[in-house]
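Notes to accompany the following structure.
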Amino acid sequence: MSSPRTQAQHYLALPNGEIAVKWADGHESFYPAHYLRCSCACAHCVDEMSGRKTLRDESVPADVRPVELHPVGRYAISIKWSDGHDTGIYSFDQLRRLCPGKAES
Ligand SMILES: [Zn+2]
């Protein structure tokens, strides 16, 4: 079941390209666009059989930006990126794990 840790109250793309998520437990996460793009877990970026990442980070433009965010049910968002990649779905579970903040315990 979802806990407040993995419920997103708000999320948005910031003008600088970061994606901000406010969580139900009060935590706020800020994801640099390139970091999040390179964390994509879709079938184009991760081998479905082995689970190994096939995306090469250096193939992603350093200035990649989120173009559109769409909710996927209540558990995830899909992100369309400025490099044309639009098959990535980021579950809130995954996003919370990816949180780059250092204050997390
Ligand atoms: Zn992908």
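Check whether at least one residue in the range 4-17 is part of a helix (DSSP H, G or I), polar (S, T, N, Q) and surrounded by 17 or more Cβ atoms within 10 Å (Cβ to Cβ), and report yes or no. Reasoning before the result, please.
In the first step, residues of the range 4-17 are kept if they are part of a helix (DSSP H, G or I); the result is 4-6.
From what's left, polar (S, T, N, Q): 6.
Within this subset, residues satisfying the condition of being surrounded by 17 or more Cβ atoms within 10 Å (Cβ to Cβ) are 6.
Yes - at least one qualifying residue is present in the range 4-17.
Filter the range 23-54 for residues that are over 18 Å from H70 (Cβ atoms) and among the basic types (K, R) and give the result.
R52, K53 - these are the residues of the range 23-54 that are over 18 Å from H70 (Cβ atoms) and among the basic types (K, R).
Among all residue pairs at least 6 apart or on different chains, which show Cβ distances below 6 Å where the first residue, located in the range 37-54, is over 16 Å from A76 (Cα atoms) and the second is near the ligand (Cβ under 8 Å from one of its atoms)?
H44/T87; C45/L55; K53/V46
Could you tell me which of the residues G84, G101 is exposed (fewer than 11 other Cβ atoms within 10 Å of the Cβ), at pLDDT 95 or above and not in a strand (DSSP E or B)? Break it down into steps so the answer makes sense when it comes.
Working: G101 fails: at pLDDT 95 or above.
One residue alone meets the criteria, G84.
Of the residues in the range 30-46, how many are outside any helix (DSSP H, G or I) and in contact with a strand residue (DSSP E or B) (Cβ under 9 Å, 6 or more places away or on another chain)?
10
The values are calculated or read from the model by the stated rules, or taken from the named source; none is laboratory data. Every value quoted in this text rests on a predicted model; they were computed, and no experiment measured them. As a convention, Cβ positions derive from the backbone with ideal geometry for all residues, glycine included, and neighbour counts pool all protein chains shown.
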